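Colleague: Structure incoming, see below.
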Amino acid sequence: MRVGQDQPVLYQNRELSWLKFNQRVLEQACDPSIPLMERMKFISIFSNNLDEFFMVRVGSLTDAALLEPDLLDNKTGMSPAQQLTAIFAQCRGLTSQKDTVYRRLLMDAAQVGIEQLDIDLAAEQEQRFLEEYFLREVMPLLSPQIIDKHHPFPFLKNKETYVCVQLQTKGEFVKLGIIPALSGLERMVPLPFRKNAFVLLEELVLHYCEHIFQGYTVVGKTIFRITRNADINMDEAFYDHELDYRSAMERLLKNRRRLMPVRIQFQGGANGAIVEQLCRKLELSQERVFFYQTPLDMSFGFALCAQLERQGRRELFYPPLTPQESPLLRTGQPVIPQVERKDVLLAYPFESMKPFISLLEEAAEDPSVLSIKMTLYRVARESQVVAALIKAAERGKEVHVVVELRARFDEENNIEWSKRLEEAGANVVYGLGAYKVHSKLLVITRKKPDGSLGFITQVGTGNYNESTAKLYTDLCLITANREFGEDGTRIFNGILTDQPVEQVRHLLAAPKAMKQVLLSYIDEEIRQARQGKPARIWIKINSLTDKEVIDRLIQASMAGVPIRMVIRGICCLRAGVPGYTDHIQVVSIVGRFLEHSRIYVFGVGERCRVYISSADLMTRNMERRVEVAAPVYDASLKERLIHLLEVEFSDNVKGRQLLENGEYQPVENGKPPIDSQIDLYKLAYSRAERAAKAAQESAGRPIARAKGRRKRGGLLGRLFGW
C-alpha cells in the first residue's frame, strides 16, 4: 500500500530499528536485578553487536553511498547518505550510554572486590610493579613505528587496539608514533597485591609509552581502533571460474581483512591533531569518529567472567539451569521408532538437544538407513552433529550435506568442516547459486521392513549447534510423515541440481514457494474479518523488514484482524497508529537467552495453521535464501506453541512494547511478574518431572527429580519458588 503525505508514518528504517534493539541489550547491563557478571556479558554483547553492525550494515551503506547514491530505502525514502548520518547520530547517544553503564558496573564490581585499576590513582607500590612489568614483559614484544617519509603509515588491522602518540623532537618537529597494544599477552594484567584487580594492557602501554620513544617528547597520546568494512562482494569473488567455490571463499576471506575503514574510535584524550592526522591517513570523515571514556574492546568481559567462574563466585552469575529431557521421548530408547509413532517437538534451551544428536547417531548405525541429507549453516567448533555425519559416510551410507560457506563470520569454521566431510566420503555442496541456504532441514531415508521407503524429517528454527542450543530459544520438529519426507527430498534435489523448488505439498520453501503462501494466509484472515468472522495472526520472528508483508499486515489491521507479534530485533512497522496499525501489537524480548525461534499462526479453531520456520519476514529470507517452514499438525504440539506465544506476549519483566512513535516501553499488563524465558524453563522442569514420575511408577522404581533440580530451598528452588 502507498502512504500519502497526509497519512501518518507507518514505517521505520531498518538500521535505526536495529540500533534500538541493541539499546535494549545495553539496558540489560544496567538492570540491578541481573547478577553483576551477567550484566558485564550484556555490555560485551552490546559492543560486539555494534562492531558487526558497522562492519556489515554501515559497510554496505558506505558502498551504496559511493556506487548508488540515489538508491532509496523503500520504506522511509532515505538515501544511503541520509541513513548513515542518522546512524552516526544515534550511535553517539549509544556511546554516551555505554560509558555511563560501564562506570556503574565498575562501581558495583568494586563493592564485591573486582576492580579495573586507574594507573594514575594506583598506590606507589602498584605503580612500581606495573612499570617493571611493562619494561620486562610487555615492551620487548611491542612493535612501535613512527610515521614519516621513511616509515609509511602501517596497515591497521580490523578491531585491533592501538596506541597513537604525538612526538616532538628538539627541533620542534612533530610526528606520529603507533604501537599495536595487544601483543599476544593476556589483556587483563593482574595486580599481585589485590585479588581480582587488574589493568588493561592497552592502558598500561598508553601510560608507559614514554619508555618506547626515548629521544622524543610525548605531547599527546590516545588509544584507538578502527572498524573495517566486512560486506564482501560474493559475485566478484566467484567471477574467476578457474577457482572452485571453497577456494574462492578462502581468498575472499583474506581480502576482507583489508577492506576500507568505516569507523575510528578513541578512548580518552585524543587531541585534535592526532584525530585529524589519523582521519586523513585513513580517509575517514569526522562524522565517523567516536570518542569513549571506557574501553573500546569489551571482549575482556567474557574472560573476566570465566576467571570468576573458576573461582566459584556463583553469586555473580545467573543460577544454573539444565536443559530437560523431552517428555515426548523415552530416555535411553531409540529415537526413530518413537518418532514413527508420533511427531516430536523439542524446545531449546528448555529441553535438551541430545535426542536430536541421538537421532543422527542412530541413523549412522542403522543398516536400514539408505541416505542422510542435511543443511548446515552454523555448527559448533567441536560438532557432534558433523561427527555423526562423518560416521555415517564412513559406514558407506549416502550422505549429502549442504554447507553454507557464506554464513557470515563462520566461514572459516564451515570451510574446515566441509573438508573433513569430503574426506569421510560425504557429498558436499556449497549452496544454490546466488541463494544462501539458511534452512534447517534434515531428511533420513530408510528401507522399512515391508520393503517400502520411509522418511524421518526434521525442520528447525535454529542452527545445528550444541553450544547455542543452550543459549538460544529454538524449536525442532521431527516427524515420520512420509509426505514431509517427499517434500524435503524435493527441496534437496532442487539444491543439488541448482533449481530451487517451486512447489511442495506441506512444507513452505523460499525463495519460490513461501512468501506468496504466507501472503495468501494473511489475505484469508482479512476475508474472515471483513465477513465478521473470528480471525487471528500471531507471529514470532527476529526481524520484520519486507515491505510487501508489512503492507499486507497493515491491510489486515485496517480490516480488524487482531495481530500480535514477538519481534526480537528489527521491526520496520510502526504499531498502534490509529486507523492503520492499531490492531497490531509488537513485543520485543531481550533476556537471559537469545530469542531465535520463528513461529507463524494464522486463523482460529479448525482453521488454525501453525508453522515453525528458519525464516524471518525479511526480503532477503523470502526472496534470496533457501528457507523452510513446517506446518505443525499434531493438536497437542499446536496447543503447546500457542501457549508459548501467550506466555511471551504476557512477559512484563523482559518484554518491551513497540509504541506508535517507534520507541519501546516496558510491557504493563497488570499481571504478576512474568519472565517468559524463566517461566518456560519452569514448565520444562515440571513436564520432565511428571514424565519421569509416570515412567518410574509404571516400572516400580523410586522417583527421581528433574535433571538439574535441587531439593526445596536450594538455588533452583529459590528461583522457581519451589
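The values are calculated or read from the model by the stated rules, or taken from the named source; none is laboratory data. As the structure is a computational prediction, the values presented were derived from the model and not from experiment. Don't worry about glycine lacking a Cβ; one is built from the backbone with ideal geometry, like all the others, and counts go over all protein chains shown. Keep in mind that these areas ignore ligands, DNA and RNA; they rest on the heavy atoms of the full protein, side chains included. Shrake-Rupley method; radii C 1.70, N 1.55, O 1.52, S 1.80 Å.
Colleague: For the peptides 665-672, 591-598, 421-428, 315-322, what is the packing order when you average, over each peptide's residues, the other Cβ atoms within 10 Å and list the highest mean first?
Modeller: My ranking of the peptides, most packed first, is 591-598, 421-428, 315-322, 665-672.
Colleague: Please work out the ratio of the alpha-carbon Rg of the stretch 153-197 to 2.2 N^0.38 Å and round it to two decimals. Walk me through the numbers on the way to the answer.
Modeller: Values: Rg = 15.8 Å, N = 45, 2.2 N^0.38 = 9.3 Å.
Cα-based Rg divided by the globular estimate yields 1.69.
Colleague: Additional query: Over the Cα atoms of the stretch 350-423, what Rg and Dmax result, in angstrom?
Modeller: Just the Cα atoms of the stretch 350-423 yield Rg and Dmax of 12.4, 38 Å.
Colleague: On a C-alpha basis, how far is the centre of the stretch 442-507 from the centre of the stretch 136-202 in Å? Whole number, if you could?
Modeller: Here the two parts' Cα centres lie 53 Å apart.
Colleague: Moving to a separate point now. How do 430-441, 31-42 rank on mean C-beta neighbours within 10 Å, highest first?
Modeller: Working: 430-441: 21.2, 31-42: 18.2.
Output ranking for 430-441, 31-42: 430-441, 31-42.
Colleague: Right, next: Using R₀ = 51 Å, calculate the FRET efficiency as 1/(1 + (r/R₀)^6) where r is the Cβ-Cβ separation of Gln293 and Lys448; round to 0.05.
Modeller: The computed FRET efficiency comes out at 0.15.
Colleague: On to the next question. Return, ordered by residue number, the residues of the stretch 151-183 whose backbone nitrogen is under 18 Å from a label point located 7 Å along Cα→Cβ of Val218.
Modeller: 161-170, 174-183
Colleague: Note the angle between two axes, namely the Cα long axis of helix 14-28 and the longest principal axis of the Cα atoms of the chain, as a number of degrees from 0 to 90, rounded to the nearest 10.
Modeller: Its long axis makes an angle of about 80 degrees.
Colleague: Take the alpha carbon atoms of the stretch 474-601, find their radius of gyration, then divide it by 2.2 N^0.38 Å using N residues; give the quotient.
Modeller: Ratio of Cα Rg to 2.2 N^0.38 Å: 1.20.
Colleague: Here is a further query. If the cut-off is a Cα-Cα distance under 16 Å, which lysines reach Lys373, setting aside same-chain residues fewer than 8 apart in sequence?
Modeller: Those lysines meeting the cut-off are Lys391, Lys397, Lys440, Lys447.
Colleague: Tell me the Kirkwood radius of the stretch 539-634: reciprocal of the mean inverse pair distance over distinct alpha-carbon atoms, in Å.
Modeller: 14.0 Å
Colleague: Obtain the nm distance between the two label points defined at Gln286 and Ser33 by a simple spin-label model: each point lies 7 Å from its Cα along the Cα-to-C-beta direction.
Modeller: About 4.4 nm, to one decimal.
Colleague: So if we plug the beta-carbon distance of Met107 and Glu160 into 1/(1 + (r/R0)^6) with R0 = 30 Å, what FRET efficiency do we get, rounded to 0.05?
Modeller: 0.55
Colleague: Let me ask you something else. Residue by residue through the stretch 211-225, what is 3J(HN,Hα) from phi via Karplus (6.51 cos²θ - 1.76 cosθ + 1.60, θ = phi - 60°)? Round to whole Hz and write x for glycine and proline.
Modeller: My calculation for the stretch 211-225 gives 5, 7, 9, 5, x, 10, 10, 7, 9, x, 7, 7, 9, 8, 8 Hz in order.
Colleague: May I ask you to give the solvent-accessible area per residue for the stretch 80-219, in square angstrom, as obtained with a 1.4 angstrom probe?
Modeller: Value for the stretch 80-219: 50 Å² per residue.
Colleague: Same structure, new question: Considering only Leu282, Leu200, Leu36, whose Cα is most displaced toward the positive end of the charge dipole of the chain, charges sitting on Cβ of Lys, Arg (+1) and Asp, Glu (-1)?
Modeller: My answer, from the dipole projection, is Leu36.
Colleague: Helix 124-133 versus the longest principal axis of the chain: what angle, 0 to 90°, nearest 10, using Cα atoms?
Modeller: So the helix axis and the longest Cα principal axis differ by about 80 degrees.
Colleague: Now for a different question. Measuring from the lowest to the highest alpha carbon on each principal axis, how far does the stretch 392-528 reach, largest first, in angstroms?
Modeller: 55, 46, 33
Colleague: Still on this structure: Determine the gain in length on full extension of the stretch Glu416-Gln311; use 0.36 nm per residue of separation and subtract their C-alpha separation, reporting nm with one decimal.
Modeller: Gain on stretching Glu416 to Gln311: 34.3 nm.
Colleague: Let me check something: with ligands and nucleic acids excluded, how do Glu416, Glu606, Glu483 order by accessible area (1.4 Å probe), largest to smallest? Don't skip to the answer; put the middle values down first.
Modeller: Working: Glu416 90, Glu606 195, Glu483 55 Å².
My answer, sorted largest first, is Glu606, Glu416, Glu483.
Colleague: How many nm separate the modelled label positions at Ala387 and Ile146, each set 7 Å beyond the Cα in the direction of the Cβ?
Modeller: In this crude spin-label approximation the distance works out to 5.6 nm.
Colleague: Relative contact order of the stretch 579-709: what whole-number percent is it, with Cα pairs under 8 angstrom and at least 6 residues apart? It would help to have the intermediate numbers written out before the result.
Modeller: Values: 141 pairs, mean separation 24.8, N = 131.
Taking the mean separation of contacting Cα pairs over the length of the stretch 579-709, I get 19 percent.
Colleague: Same structure again: Helix 354-365: angle to the longest alpha-carbon principal axis of the chain, degrees 0 to 90, nearest 10?
Modeller: 70 degrees
Colleague: Further, regarding this structure: What is the Cα coordinate range of the stretch 1-104 on the first, second and third principal axes, sorted by size from largest, in whole angstrom?
Modeller: 47, 32, 19
Colleague: Can you order the peptides 146-157, 188-199, 330-341, 508-519 by their average number of other Cβ atoms within 10 Å per residue, highest first?
Modeller: 508-519, 188-199, 330-341, 146-157
Colleague: With label points built 7 Å along Cα→Cβ from the Cα atoms of Asp634 and Met188, find their separation and express it in nm.
Modeller: 4.4 nm
Colleague: How long are the semi-axes of the equivalent ellipsoid of the stretch 75-210, taking √(5λ) for every eigenvalue λ of the Cα gyration tensor, in whole Å from largest down?
Modeller: 31, 27, 13
Colleague: To continue, here is another question. Over the chain, calculate the relative contact order: mean separation of alpha carbon pairs under 8 Å at least 6 apart, over the residue count, as a percent.
Modeller: Dividing the mean separation by the residue count of the chain yields 11 percent.
Colleague: Report Rg/Rh for the chain, rounded to two decimals, where Rg is the Cα radius of gyration and Rh the Kirkwood radius.
Modeller: Numbers: Rg = 27.7 Å, Rh = 28.1 Å.
On the Cα set of the chain, Rg over Rh gives 0.98.
Colleague: Still on this structure, please answer the following. Let me spell out the model: positive unit charges on the Cβ of Lys and Arg, negative unit charges on the Cβ of Asp and Glu, origin at the Cα centre of the chain. What dipole size does that give, in debye rounded to 20?
Modeller: That gives a dipole near 1720 debye.
Colleague: Could you bin all the Cα-Cα distances of the stretch 434-478 into 10 Å bins starting at 0 and give me the percent of pairs in each, rounded to whole numbers?
Modeller: Binned Cα distances yield the sequence 24, 38, 25, 13, 1.
Colleague: Restricting things to Cα coordinates, could you compute the convex hull volume per residue of the stretch 531-593 in Å³?
Modeller: Values: hull volume 4.9 nm³, N = 63.
Normalising the Cα hull of the stretch 531-593 by residue number yields 77 Å³.
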